[in-house]
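Here the structure comes first, spelled out in structure tokens, and everything after it is commentary.
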Amino acid sequence: MSAKDYQEAVYDFQSIEEKWQDRWLKDATYRVSTDKSKEKYYVLEMFPYPSGRIHMGHVRNYSIGDVVARYKRFRGYNVLHPMGWDSFGLPAENAAIKNNSHPARWTYDNIDYMRNQLRQLGLSYDWEREIATCNPKYYRWEQQIFLEMYQKGLVYQQTTTVNWCESCQTVLANEQVIDGTCWRCDETVKARNMNGWFFKITAYTEELLADLDKLSGWPEKVVTMQRNWIGKSTGLHCDFQVDGFEQKLSIFTTRPDTIFGVTFMSIAAEHPLLDTLLQDNPRAQEIRSFVQRLGDEKQQQSHEDLTEKEGIFTGCYCINPFNGDKVPIFVANFVLMGYGTGAVMAVPAHDQRDFEFAKKYQLPIKPVVLPKDTQLNSEEMTEASVLPGALTDSGKFSGIDSGAAQQAIIDFAAEQGFGSAHTTYRLRDWGISRQRYWGAPIPMVYCEKCGVQPVPVNQLPVTLPEDKESQQSECAPLHQRPSFYETSCPACGGEARRETDTMDTFVESSWYFARYASPRFTESPLNKEEASHWLPVDQYIGGVEHAILHLLYSRFFTKVLRDLGYLDIDEPFTNLLTQGMVIKDGSKMSKSKGNVVDPSDLIKEYGADTTRLFSLFAAPPEKDLEWNSKGVEGCFRFLNRIYRFVLANQESIIAAEQSIPVELNKTERGLHRKTHQTIKRVSNNIEQNFHFNTAISAVMELVNSLTASTGDSSKESVDNSVTCEAVRSILLLLCPMVPHFCAELWAILHNGASIDEEQWPKWDEEAAKEDELTIVIQINGKVRSRLQVAADIDETSLQALALADENAQKFIAGKTIRKTIVIQKKLVNIVV
RNA sequence: GCCCGGAUGGCGGAACUGGUAGACGCAAGGGACUUAAAAUCCCUCGCUCGUGAGAGUGUGCGAGUUCGAUUCUCGCUCCGGGCACCA
């Protein structure tokens with residue numbers, strides 16, 4: 001074929017991609033095992049839920065991860081890059097009910113389909129490490145971890161008010177309630193009293209908080225979100241004696257400095273003291289019905305609308321231990337039983353919420369902190385004053401600065417015995433019981449004689465029943481299946497009943513990254529040697545929507561597994577990249593919006609390489625990506641340009657010398673320089689912040705230079721070695737992004753050799769250096785002229801050249817030069 | 001309300017440590033090739049004025065620091081995200 005024949009050729013991506021995918025699979029090219037001779041690198045993308053088909057969000061996530069994996073391999077690392085399936089969950093049950101099938105069938109069918117889709121993308125996974133969390137070979141180890149946590153006192157059972165989702169027919173963890181609605185189906189979550197199992201994540205609160213400081217490789221935003229979620233506050237815990245009763249009322253405050261400003265007390269409607277207060281209370285009836293109404297309203301309202309502050313006087317008083325003030329006790333709708341003590345000391349002068357309440361019920365407002373140079377008059381205040389200042393009207397603490405007063409007041413309370421320093425957290429223990437079929441069974445047994453008994457480890461796994469006895473469907477909850485729950489007590493051998501709740505599916509994803517180190521290990525959940533070799537994950541990649549839920553739970557599990565002796569790390573993910581969403585027509589791609597682009601259609605039309613390339617090129621990974629089908633075509637055109645060039649010039653490239661001649665003409669020097677500049681830019685873009693969009697731009701520029709300097713016969717001829725160097729660099733630099741394409745062209749140029757055997761190209765700083773620079777001449781900061789100068793010009797000659805410049809002269813003429821600023825290699829600014 | 005981000009051409013996005021704003025791609029317009037179209041190749045492309053050379057103006061808005069600000073400081077506006085009667 002002559003060069004002309006390639007002018008309009010379009011590369012046959014389909015056969016090229018199939019060919020290389022088959023080869024990678026057959027040769028297990030990306031299989032990895034421990035190799036002490038190389039440095040390890042563990043890159044992981046959040047594993048998918050097998051919902052049916054992959055979507056563009058997956059393509060983006062896994063393309064990013066694959067570039068990292070392939071890049072690190074080129075850099076000589078021994079790279080662990082596994083994939084698996086987060087395969088327990090409600091959608092499988094819903095689909096099973098709809099199709100009158102079994103959740104396992106639906107799930108495994110989806111896995112098969114999606115695995116095939118992922119393979120079509122050419123992702124460099126070690127498929128031999130694939131795991132599916134719904135497989136008993138996975139969840140039996142989870143059950144064992146559960147039992148070991150139980151032995152350690154990290155699992156307990158409790159009846160509490162839980163979040164109940166009616167449409168999912170199950171309990172939700174606090175983290176799974178978003179604005180009062182279910183994270184999965186948006187149904188309003190209701191309060192319900194239920195017995196359930198809890199993981200004691202609060203035993204690790206301080207460590208989870210403190211170790212956030214170690215996560216320098218995480219986006220600041222995610223660290224902040226976790227910090228807020230844990231919600232630590234420090235302050236004073238203090239007892240107020242209830243007047244005429246034996247009981248004391250405990251409060252927690254972060255503003256002990258305002259304690260002399262307390263003018264009333266607010267307690268939650270559910271506060272246990274209320275019953276006592278209502279005994280022999282003439283207004284008991286009235287107060288009870290008020291409390292009842294608050295409860296009803298709470299049920300109906302979603303958490304987001306803030307109701308008007310409301311309360312009712314209990315008729316009782318308590319005594320402020322600091323000044324002996326007798327203050328009325330109110331039941332108020334804004335006090336939460338679940339935070340602090342369920343009772344709040346009210347300081348209307350310095351708390352906006354208390355202020356509004358005091359105004360409504362005409363309660364006294366008593367300022368006790370005076371911000372500098374201000375007077376506070378309770379009559380005139382329109383809002384609470386929250387600024388720091390000097391204490392006033394505060395007994396022996398008057399005059400002290402509010403900041404210092406906090407500690408002094410806490411110390412005093414401790415000394416007197418009615419209070420102490422105290423810390424509270426927003427974080428609650430993790431409720432993991434789910435009343436669903438398609439999850440890992442909780443391995444516990446109830447015996448009438450022996451009570452709650454753990455299933456012995458040698459009886460694991462407790463598997464899900466697959467019988468057809470259930471009348472309703474094949475995925476009826478376990479409590480409807482006698483063959484599952486009827487069992488014998490492990491302790492006494494008598495009749496017993498199995499726990500019928502399954503675990504929250506977030507439990508599976510809290511440790512899967514560790515299991516990948518030894519996915520087929522049959523002796524315990526983790527092979528410690530393998531786990532300590534591969535962990536922590538060096539680079540974790542996924543959507544920011546998991547900032548709290550999954551990432552917090554995984555951090556917790558890592559610490560638990562460490563304390564159980566399986567791991568020797570404190571944190572699971574050294575670096576975290578949270579990728580943006582894929583957007584089309586202004587909103588996130590979703591079935592309900594009808595703006596979904598199916599990756600399979602794209603692969604069919606343009607191939608996997610173009611699909612990957614576009615998802616990397618259109619935006620930096622952490623930002624949202626606006627879908628643009630024309631942009632995809634642009635990427636396809638780019639690959640075709642390279643393809644045509646390589647094929648048209650293959651003979652001369654193959655014949656080229658590997659070494660670059662010492663003497664180069666101007667065109668050759670320009671291309672040689674551009675090649676090395678590009679290697680440098682692409683390497684830095686990937687290394688510094690994974691900005692693949694600019695890396696790809698840089699290669700596009702090199703391709704433009706290449707075709708411009710060799711295609712134009714009017715220019716100087718270019719030595720084959722220089723062309724060859726440019727082409728080889730382009731293929732290596734693009735290989736992490738478009739692997740099939742580069743593998744194919746590399747093989748064509750290198751007698752069938754595999755590009756995977758190559759190393760990442762190195763740049764020569766000397767070759768990358770410009771020998772001529774454009775210097776900008778500014779007059780009063782405005783660009784007036786440009787100057788081509790040798791790169792090594794000295795400051796004096798540069799200044800002289802600038803002053804002599806014709807354009808500059810026009811603006812200087814007739815004016816006095818007041819100052820000249822020369823910035824090496826950049827500009828000369830003449831101030832007149 | 002509090003805490004994080006962000007705002008640059010018609011669009012997605014570039015711009016090192018304060019030093020040529022708009023790289024790269026898309027779209028658009030013009031041209032070459034073609035009977036024609038597609039594909040490919042070449043040229044133009046922030047806005048205003050000007051035939052042109054060029055001049056003015058321009059990175060959400062308003063100030064400030066500086067010889068010089070997309071970049072730093074202060075004050076706003078809008079957009080996105082997180083948390084929220086949290087005591």
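The values are calculated or read from the model by the stated rules, or taken from the named source; none is laboratory data. Nothing here was measured: the structure is a model prediction, and the numbers come from that model. Using ideal geometry, Cβ is built from the backbone for each residue, glycine included, and neighbour counts are taken over all protein chains shown. Just so you know, the surface numbers come from the protein's heavy atoms only, side chains and all, with ligands and any DNA or RNA stripped out. Shrake-Rupley method; radii C 1.70, N 1.55, O 1.52, S 1.80 Å.
Taking A:TRP164 and the conditions (1) more than 30 Å from A:PRO456 (Cβ to Cβ); (2) surrounded by 18 or more Cβ atoms within 10 Å (Cβ to Cβ); (3) more than 25 Å from the chain's Cα centre (by Cα); (4) at pLDDT 95 or above, which numbered condition does it fall short on, given that it satisfies the others?
A:TRP164 satisfies all of (1) more than 30 Å from A:PRO456 (Cβ to Cβ); (2) surrounded by 18 or more Cβ atoms within 10 Å (Cβ to Cβ); (3) more than 25 Å from the chain's Cα centre (by Cα); (4) at pLDDT 95 or above except (4).
May I ask you to list the residues in segment A:162-212 that are among the β-branched types (Val, Ile, Thr) and within 16 Å of RNA strand B (Cβ to nearest atom)?
A:VAL162, A:VAL177, A:ILE178, A:THR181, A:THR188, A:VAL189, A:ILE201, A:THR202, A:THR205
Just the residues that are in contact with a helix residue (DSSP H, G or I) (Cβ under 6 Å, 6 or more places away or on another chain) and part of a helix (DSSP H, G or I), please, taken from segment A:120-143.
Once the filter is applied, which keeps residues that are in contact with a helix residue (DSSP H, G or I) (Cβ under 6 Å, 6 or more places away or on another chain) and part of a helix (DSSP H, G or I), segment A:120-143 yields only A:GLN120.
For segment A:561-573, which residues satisfy the criterion of being outside any loop (DSSP other than H, G, I, E, B) and under 14 Å from A:TYR512 (Cβ atoms)? Spell out the reasoning first.
So the first thing to find is which residues in segment A:561-573 are outside any loop (DSSP other than H, G, I, E, B), and the list is A:561-563, A:573.
Matches in segment A:561-573: A:LEU561, A:PHE573.
When segment A:215-232 is examined, which residues are found to be within 21 Å of A:GLN688 (Cβ to Cβ) and more than 10 Å from RNA strand B (Cβ to nearest atom)?
Within segment A:215-232, A:LEU215, A:SER216, A:GLY217, A:TRP218 qualify.
Can you name the residue in segment A:233-262 that is more than 13 Å from RNA strand B (Cβ to nearest atom) and touching an Asp or Glu at 6+ places or on another chain (Cβ under 9 Å) and, of all such residues, is farthest from A:GLY311 (Cα to Cα)?
A:PHE260
Search segment A:298-314 for residues being surrounded by fewer than 13 Cβ atoms within 10 Å (Cβ to Cβ), over 13 Å from A:TYR361 (Cβ atoms) and within 9 Å of RNA strand B (Cβ to nearest atom), and hand back the single one that is modelled with the highest pLDDT. Break it down stepwise before answering.
The first filter runs over segment A:298-314 and keeps only residues surrounded by fewer than 13 Cβ atoms within 10 Å (Cβ to Cβ), leaving A:299-300, A:302, A:304-308.
Add one more test, that the residue is over 13 Å from A:TYR361 (Cβ atoms), and what stays is A:299-300, A:302, A:304-307.
Subsequent filtering for residues that are within 9 Å of RNA strand B (Cβ to nearest atom) retains A:304-307.
Details: A:GLU304: 43, A:ASP305: 53, A:LEU306: 58, A:THR307: 68.
Ranking the candidates gives A:THR307 first.
Select from segment A:596-646 the residues that are in a loop (DSSP other than H, G, I, E, B), more than 11 Å from RNA strand B (Cβ to nearest atom) and open to solvent by 10 Å² or more (accessible area, probe 1.4 Å) and write down the one among them that is modelled with the highest pLDDT.
A:ASP598
Here is a list of conditions, (1) open to solvent by 20 Å² or more (accessible area, probe 1.4 Å); (2) over 21 Å from A:ILE201 (Cα atoms), and A:HIS546 meets all of them except one; can you say which number that is?
It fails just one condition, (2).
I need the full set of residues from segment A:63-97 which are among the aromatic types (Phe, Trp, Tyr) and crowded, with 24+ Cβ neighbours inside 10 Å, in order please. Don't jump to the end; show me each part of the working.
In the first step, residues of segment A:63-97 are kept if they are among the aromatic types (Phe, Trp, Tyr); the result is A:71, A:74, A:77, A:85, A:88.
Residues satisfying the conditions are A:TYR71, A:TRP85, A:PHE88.
Within segment A:713-721, identify whether any single residue is touching a residue at least 40 places away in the same chain (Cβ under 8 Å), open to solvent by less than 10 Å² (accessible area, probe 1.4 Å) and away from RNA strand B (no atom under 16 Å from the Cβ), and answer yes or no.
So far as segment A:713-721 goes, yes, one or more of its residues are touching a residue at least 40 places away in the same chain (Cβ under 8 Å), open to solvent by less than 10 Å² (accessible area, probe 1.4 Å) and away from RNA strand B (no atom under 16 Å from the Cβ).
Applying the selection to segment A:420-429, what residues are more than 13 Å from A:THR254 (Cα to Cα) and surrounded by 15 or more Cβ atoms within 10 Å (Cβ to Cβ)? Step through it out loud before you land on a result.
Narrowing segment A:420-429 to residues more than 13 Å from A:THR254 (Cα to Cα): A:426-429.
Those that are more than 13 Å from A:THR254 (Cα to Cα) and surrounded by 15 or more Cβ atoms within 10 Å (Cβ to Cβ): A:LEU427, A:ARG428, A:ASP429.
In the list A:LEU664, A:LEU671, which residue meets the criterion of being in contact (Cβ under 8 Å) with a residue 40 or more places away in the chain and assigned to a helix (DSSP H, G or I)? Talk me through it step by step, then tell me what you get.
Numbers: A:LEU664 fails: assigned to a helix (DSSP H, G or I).
Among A:LEU664, A:LEU671, only A:LEU671 is in contact (Cβ under 8 Å) with a residue 40 or more places away in the chain and assigned to a helix (DSSP H, G or I).
Here is a yes/no grid of residues against (1) open to solvent by 40 Å² or more (accessible area, probe 1.4 Å); (2) more than 10 Å from RNA strand B (Cβ to nearest atom); (3) under 30 Å from A:GLY580 (Cβ atoms):
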{"site": "A:ALA648", "(1), (2), (3)": "no, yes, no"}
{"site": "A:VAL662", "(1), (2), (3)": "yes, yes, no"}
{"site": "A:GLY670", "(1), (2), (3)": "no, yes, no"}
{"site": "A:ARG673", "(1), (2), (3)": "no, yes, no"}
{"site": "A:VAL682", "(1), (2), (3)": "no, yes, yes"}
{"site": "A:VAL703", "(1), (2), (3)": "no, no, yes"}
{"site": "A:ALA708", "(1), (2), (3)": "yes, no, no"}
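Take A:HIS271 and tell me if it is at pLDDT 90 or above, in a loop (DSSP other than H, G, I, E, B) and surrounded by 13 or more Cβ atoms within 10 Å (Cβ to Cβ).
Criteria met by A:HIS271.
Condition check ((1) within 13 Å of RNA strand B (Cβ to nearest atom); (2) within 30 Å of A:ARG73 (Cβ to Cβ); (3) in contact with a Leu (Cβ under 8 Å, 6 or more places away or on another chain); (4) in contact (Cβ under 8 Å) with a residue 60 or more places away in the chain) across all residues:
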residue: A:ALA747; (1), (2), (3), (4): no, yes, no, no
residue: A:ALA767; (1), (2), (3), (4): no, yes, no, yes
residue: A:GLN778; (1), (2), (3), (4): yes, no, yes, no
residue: A:LYS782; (1), (2), (3), (4): yes, no, no, no
residue: A:ARG786; (1), (2), (3), (4): yes, no, no, no
residue: A:VAL789; (1), (2), (3), (4): yes, no, yes, no
residue: A:LEU803; (1), (2), (3), (4): no, no, no, no
residue: A:ILE812; (1), (2), (3), (4): yes, no, yes, no
residue: A:ILE830; (1), (2), (3), (4): yes, no, yes, no
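Restricting to segment A:230-255, name every residue that is open to solvent by less than 50 Å² (accessible area, probe 1.4 Å) and more than 25 Å from A:VAL327 (Cα to Cα).
Selection gives A:ILE230, A:GLY231, A:SER233.
I'd like to check which strands (runs of 3 or more DSSP E) are fully inside segment A:346-459 and have at least 2 residues that are closer than 30 Å to A:LEU552 by Cβ, at pLDDT 90 or above and in contact with a Cys (Cβ under 8 Å, 6 or more places away or on another chain).
none
Yes/no matrix, rows are residues, columns are (1) touching a helix residue (DSSP H, G or I) at 6+ places or on another chain (Cβ under 7 Å); (2) open to solvent by less than 50 Å² (accessible area, probe 1.4 Å):
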position	(1), (2)
A:VAL738	yes, yes
A:CYS742	yes, yes
A:ASP771	no, no
A:ASP792	no, no
A:GLY814	no, no
A:ARG818	no, no
A:ASN829	no, yes
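Restricting attention to helices (runs of 4 or more DSSP H) lying wholly within segment A:1-111, give those where 3 or more residues are touching a residue at least 60 places away in the same chain (Cβ under 8 Å) and of a type in the set (Lys, Arg).
A:56-74
Quick check on my filter: what residues within segment A:567-595 are of a type in the set (Gly, Ala, Ser) and open to solvent by 20 Å² or more (accessible area, probe 1.4 Å)?
Once the filter is applied, which keeps residues that are of a type in the set (Gly, Ala, Ser) and open to solvent by 20 Å² or more (accessible area, probe 1.4 Å), segment A:567-595 yields A:GLY586, A:SER587, A:SER590, A:SER592, A:GLY594.
Quick one: is A:LEU734 touching a residue at least 12 places away in the same chain (Cβ under 8 Å) and more than 16 Å from RNA strand B (Cβ to nearest atom)?
Against the criterion (touching a residue at least 12 places away in the same chain (Cβ under 8 Å) and more than 16 Å from RNA strand B (Cβ to nearest atom)), A:LEU734 does not qualify.
Could you list, in sequence order, all residues of segment A:475-523 that are among the small types (Gly, Ala, Ser) and in contact with a helix residue (DSSP H, G or I) (Cβ under 7 Å, 6 or more places away or on another chain)?
Across segment A:475-523, the qualifying residues are A:SER509, A:SER510, A:ALA514, A:ALA517, A:SER518.
Would you say A:SER509 is surrounded by 21 or more Cβ atoms within 10 Å (Cβ to Cβ) and either at pLDDT 95 or above or within 14 Å of A:GLN143 (Cβ to Cβ) (or both)? Full working, then the answer.
On the way: surrounded by 21 or more Cβ atoms within 10 Å (Cβ to Cβ): yes; either at pLDDT 95 or above or within 14 Å of A:GLN143 (Cβ to Cβ) (or both): yes.
Against the criterion (surrounded by 21 or more Cβ atoms within 10 Å (Cβ to Cβ) and either at pLDDT 95 or above or within 14 Å of A:GLN143 (Cβ to Cβ) (or both)), A:SER509 qualifies.
So which residues in segment A:326-350 are more than 8 Å from RNA strand B (Cβ to nearest atom), surrounded by fewer than 17 Cβ atoms within 10 Å (Cβ to Cβ) and not basic (Lys, Arg), if there are any at all?
Answer for segment A:326-350, where residues must be more than 8 Å from RNA strand B (Cβ to nearest atom), surrounded by fewer than 17 Cβ atoms within 10 Å (Cβ to Cβ) and not basic (Lys, Arg): there is none.
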